[in-house]
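Participant: I have a structure I would like to understand better, so I am pasting it below and will then ask my questions one at a time.
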C-alpha cells in the first residue's frame, strides 16, 4: 500500500529505528544527516538537543530536495544529550570517554534530554524537548572496567546503553524510559499524529470481533 507522504528518518541510529518499529511506525526511508555536534560556548544541554535535532532535519531535507523526483515527505530527526547539571557528557567513542562518563555518573543523578524535530510535507517545522531524570548507584571501578569491556557504551551519549547491562546501574528513573534509550515514543508519535501522519498505518486493520 502506498501513502500520500512518506516518512524519512534523519538518523542511522539502530536504536531509533527499533523504537519506531516497536510502536508500529515504519520509516519509508532512513537518511542519516551528519552534522557537527560540538556544543556552542556556554550552551545549555536542553538548547543543544533542540538545536541539533533541528539542524539534522534541515540538512536531511535539503539533501532530499536535491534528489531527482523528490516528493514532499515528513522528515523526522532527533538528538539525545546526557548532562550532569550544565555539564554535557560526550558520545563515548574511546575507552577514556566511557571511563570518564561512568565515573562522573557513579552515585549521582543526571538528566537525559532529547530534542525531536519534524518537518512536514508543507514545510512546517515542529519541535519537542523531552527530559528524563536518572540516578545511578555507586559503581565500583572494577564494575566500570567490566562494563567498558562489554563495548555497549560505544557511540552512546553519556557512555552507557540503559537497555543493556547498564540497566542494572539505575536506581531511579523519572520520565520516559524510551527517551533514555534514544527516542521518546509517546512524544514522537503525538508529534507525527498531530501533523496528520497516520502512526497506525502499519497496525492490523481488523479489530477484535
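Participant: Rounded to the nearest 0.05, what FRET efficiency do residue 146 and residue 38 have when you use their Cβ-Cβ distance and R0 = 35 Å? Could the numbers behind the result be given before it?
Facilitator: Values: r = 31 Å, r/R0 = 0.88.
FRET efficiency, residue 146 to residue 38: 0.70.
Participant: Find the relative contact order for segment 1-79 and round it to a whole percent, using C-alpha pairs within less than 8 Å whose residues are 6+ positions apart.
Facilitator: Working: 90 pairs, mean separation 33.7, N = 79.
Contact order relative to length: 43 percent.
Participant: How much length would be gained if the chain were fully extended between residue 201 and residue 172, taking 0.36 nm per residue of separation minus their Cα-Cα distance, in nm to one decimal? Show your work: numbers first, answer last.
Facilitator: Details: separation 29, 0.36 × 29 = 10.44 nm, distance 3.49 nm.
In short, 7.0 nm is gained.
Participant: Okay, next question. Label-point separation (nm) for residue 103 and residue 165, each offset 7 Å from Cα along Cα-to-Cβ?
Facilitator: For the pair residue 103/residue 165, the computed spacing is 1.9 nm.
Participant: When only C-alpha pairs under 8 Å and at least 6 residues apart count, what is the relative contact order of the chain, in percent? Intermediate values should be presented prior to the final figure.
Facilitator: On the way: 386 pairs, mean separation 45.5, N = 209.
Normalised by residue count, the contact order of the chain is 22 percent.
Participant: Going by alpha carbons, how many degrees (0 to 90, nearest 10) lie between the helix axis of 141-150 and the longest principal axis of the chain?
Facilitator: The angle comes out at about 30 degrees.
Participant: Taking the simple approach of a point 7 Å from Cα along Cα-to-Cβ for both residue 87 and residue 62, what is their distance in nm?
Facilitator: Computed distance between label sites residue 87 and residue 62 equals 3.4 nm.
Participant: What's log10 of I(q)/I(0) for the chain at q = 0.10, 0.13 Å⁻¹, Debye sum over Cα points only, no solvent?
Facilitator: Ignoring solvent entirely, the Cα scatterers give -0.45, -0.73.
None of the figures in this text is laboratory data; all of them are computed from the coordinates on show. This one's a predicted model, so the numbers in the text were calculated from it and none came from an experiment. Neighbour counts run over all protein chains shown; Cβ positions are idealised from the backbone, glycine included.
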